[in-house]
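**Q** Would you mind keeping the following structure in view while I ask a few things?
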Amino acid sequence: MRRTVLPSLRGWLQSTALLSVIAGYVLLLLVNAALGDLQRKQQHLKLAASLLQQASTGALDAGPLGSLGLEARVLADGELQSPTLQPGPSGQQWLLSRSSLQLPNNERRLLELRQDVTASLQQQQFSQMLLVAAAGASILFTSLLLRPVLKRGLVLPLNDLDQELQALEADTLGEHLLDPSRQPQELRAIAEAFNNLQQRLAAAWQRERSFVDGVAHELRTPITVISGHSQRLQRQVLSDPARDSVNSITGEARRMGQLLTSLRELARCDAGRLQLQPALLDADEQLLLAYEQACAQAGERLQLPLPSAQRLPLFSADATRLQQSLQLLISNALSFSTGSVRLLAEVIGDQLVLHVQDSGPGIPEAERALVFQRFQRGSTAAGQRGPGIGLALVDELTRAMNGEVVIAEAPGGGADLQLRFKVAAAAP
């Protein structure tokens, strides 16, 4: 279905107002012309009636009529004619009529009356030109006046309303309601409706946040208990089937704990309660810490090249959140790749880039925006377990640290997940 593009409300109002002014003056010109024509014909008919009365008594004298711009004569035959405008030989305009005349001897004749209305038509044309000039000046004045009026009465209130709406955050819903009394009368209903919607959303958001916090709190203890008992059983001598079951329980408890942590962190990001402690960090040291933490899980698959002789510049980030993001990227790379996973850092322009590269199927370019959405997974993740919130959490944490996550293609194939931060200072 083709989407209809609506015009600008301000432009629509200006166009409508100007067209209304133009239509009003056109109508005025037509009415003025019609009234002038009607007045001339009525005056002509009155003159004809007066002459008919004189001619019926036989006292018609056409001599003095010439000084009045009139010509009258009696015709023996012909047809009656209402007042009609006709051009004269010298460019004059004549109003011609023929009326029935009864002579004193009861004979029927026609009285033809011709009236010179050139001066009247010229006066009417002059009046119309004055109306056209007045219409032009009025249209110009209306156009100039409409701009500040619409700006003050429509554009500025809408801009103020837009700024107030843009300033709203998820964690401040319901705290900064719009003041309908400060809005124009036409926008007060919108402000009141938005306040009602904002209060409902604030209540729903509070219920959702309380639910997530409550679930995270209630599940933390049983997951910890399950994990502790499973680790204790792993240290005992068990049969092979029992050990496989204990290992499965331990792995699932760890996965549930990681999922719970991710959901809690996402809830904190949404609520604006994420606590950050930014500091100047060294990229090589951070990659080494991430390598050491993930080495037990990854084994020889995780590779960390030796740092270059030239020391990389420092960047600003929260060390704990950065390690959390790197661990999520490493775990994601290990899950979707059977080959090696490489960690490296480099400087690109004014950015410090941390790479987590795998040798898996990669992420198609058309799906790279999709995988950052919560509970969304790409087509290459088919058959793999996971809730689909790891990359969403990495994106939230990185943006909270004023960085960005970029998905690229690794050299030789695979995905290259990049954490990019502004260079804070050159290394000493």
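The values are calculated or read from the model by the stated rules, or taken from the named source; none is laboratory data. In this text, all values refer to a predicted model and were calculated from it rather than measured experimentally. Neighbour counts run over all protein chains shown; Cβ positions are idealised from the backbone, glycine included.
**Q** Give 193, 167, 189 a once-over and let me know the one that is of a type in the set (Gly, Ala, Ser), without any contact (Cβ under 8 Å) to a residue 12 or more places away in the chain, within 29 Å of residue 20 (Cβ to Cβ) and outside the structural domain of residue 17 (by TED's automatic domain parsing).
**A** Working: 193 fails: within 29 Å of residue 20 (Cβ to Cβ); 167 fails: within 29 Å of residue 20 (Cβ to Cβ).
Checking each option against the conditions leaves just 189.
**Q** Okay, moving on. Which of the residues spanning segment 231-252 are modelled with pLDDT of 80 or more and within 23 Å of residue 390 (Cβ to Cβ)? Please lay out each step first, then the result.
**A** First, pick out the residues of segment 231-252 that are modelled with pLDDT of 80 or more: 231-250.
Result: 247, 248, 249, 250.
**Q** Quick one: count up the residues across segment 270-285 that are modelled with pLDDT of 70 or more and either of a type outside the set (A, V, I, L, M) or within 16 Å of residue 391 (Cα to Cα) (or both). Break it down into steps so the answer makes sense when it comes.
**A** Taking segment 270-285 first, the residues modelled with pLDDT of 70 or more are 274-285.
Keeping just the survivors that are either of a type outside the set (A, V, I, L, M) or within 16 Å of residue 391 (Cα to Cα) (or both) gives 275, 277-278, 282, 284-285.
Matching residues across segment 270-285 total 6.
**Q** Report the residue count in segment 95-131 for those that are within 14 Å of residue 43 (Cβ to Cβ) and among the acidic types (Asp, Glu).
**A** 1
**Q** Just for strands (runs of 3 or more DSSP E) wholly inside segment 45-154: which have at least 2 residues that are loosely packed, with under 15 Cβ neighbours inside 10 Å and at pLDDT 85 or above? Can you show your working first?
**A** Working: elements: 70-75, 81-87, 93-102, 108-116.
Here the list reads 81-87.
**Q** Among the strands (runs of 3 or more DSSP E) lying completely within segment 288-402, list those that include at least 2 residues that are more than 25 Å from residue 251 (Cα to Cα), among the small types (Gly, Ala, Ser) and at pLDDT 85 or above. Quick ask: steps written out before the conclusion?
**A** Values: elements: 314-318, 341-348, 351-357.
Per the criteria, 314-318.
**Q** For segment 326-338, does any single residue satisfy the condition of being over 17 Å from residue 357 (Cβ atoms), free of Cβ contacts under 8 Å to residues at least 60 places away in the same chain and out of contact with any strand residue (DSSP E or B) (no Cβ under 7 Å at 6 or more places or on another chain)? Talk me through it step by step, then tell me what you get.
**A** Going through segment 326-338, the residues over 17 Å from residue 357 (Cβ atoms) turn out to be none.
Looking through segment 326-338, none of the residues is over 17 Å from residue 357 (Cβ atoms), free of Cβ contacts under 8 Å to residues at least 60 places away in the same chain and out of contact with any strand residue (DSSP E or B) (no Cβ under 7 Å at 6 or more places or on another chain).
**Q** Find all pairs meeting these conditions: Cβ atoms under 6 angstrom apart; at least six residues apart or on different chains; first residue within segment 77-94 and in the same structural domain as residue 43 (by TED's automatic domain parsing) and over 14 Å from residue 45 (Cα atoms); second residue part of a loop (DSSP other than H, G, I, E, B) and of a type in the set (Val, Ile, Thr).
**A** Note: pairs meeting the criteria are 93/117.
**Q** Here's another thing I want to ask about it. If only one of 347, 341, 353 is among the aliphatic types (A, V, I, L, M), surrounded by 20 or more Cβ atoms within 10 Å (Cβ to Cβ) and within 38 Å of the chain's Cα centre (by Cα), which one is it? Please lay out each step first, then the result.
**A** Working: 347 fails: surrounded by 20 or more Cβ atoms within 10 Å (Cβ to Cβ); 341 fails: within 38 Å of the chain's Cα centre (by Cα).
None of the other options fit; the residue is 353.
**Q** Which residue, of 175, 164, is of a type in the set (Asp, Glu), under 30 Å from residue 274 (Cα atoms) and part of a loop (DSSP other than H, G, I, E, B)? Break it down into steps so the answer makes sense when it comes.
**A** Values: 164 fails: part of a loop (DSSP other than H, G, I, E, B).
Just one listed residue meets the conditions, 175.
**Q** Sticking with this structure for a sec: Residues 206, 198: which one is assigned to a helix (DSSP H, G or I), modelled with pLDDT of 80 or more and either in contact with a helix residue (DSSP H, G or I) (Cβ under 9 Å, 6 or more places away or on another chain) or on the phi < 0 side of the Ramachandran plot (or both)? Explain how you work it out, then say what you get.
**A** On the way: 206 fails: modelled with pLDDT of 80 or more.
Step by step, each of 206, 198 is checked, and only 198 is assigned to a helix (DSSP H, G or I), modelled with pLDDT of 80 or more and either in contact with a helix residue (DSSP H, G or I) (Cβ under 9 Å, 6 or more places away or on another chain) or on the phi < 0 side of the Ramachandran plot (or both).
**Q** Here is a follow-up. Name every residue in segment 221-242 that is among the small types (Gly, Ala, Ser) and more than 11 Å from residue 254 (Cβ to Cβ), in order of residue number. Quick ask: steps written out before the conclusion?
**A** Taking segment 221-242 and keeping what is among the small types (Gly, Ala, Ser), we get 227-228, 230, 239, 242.
Within segment 221-242, 228, 239, 242 qualify.
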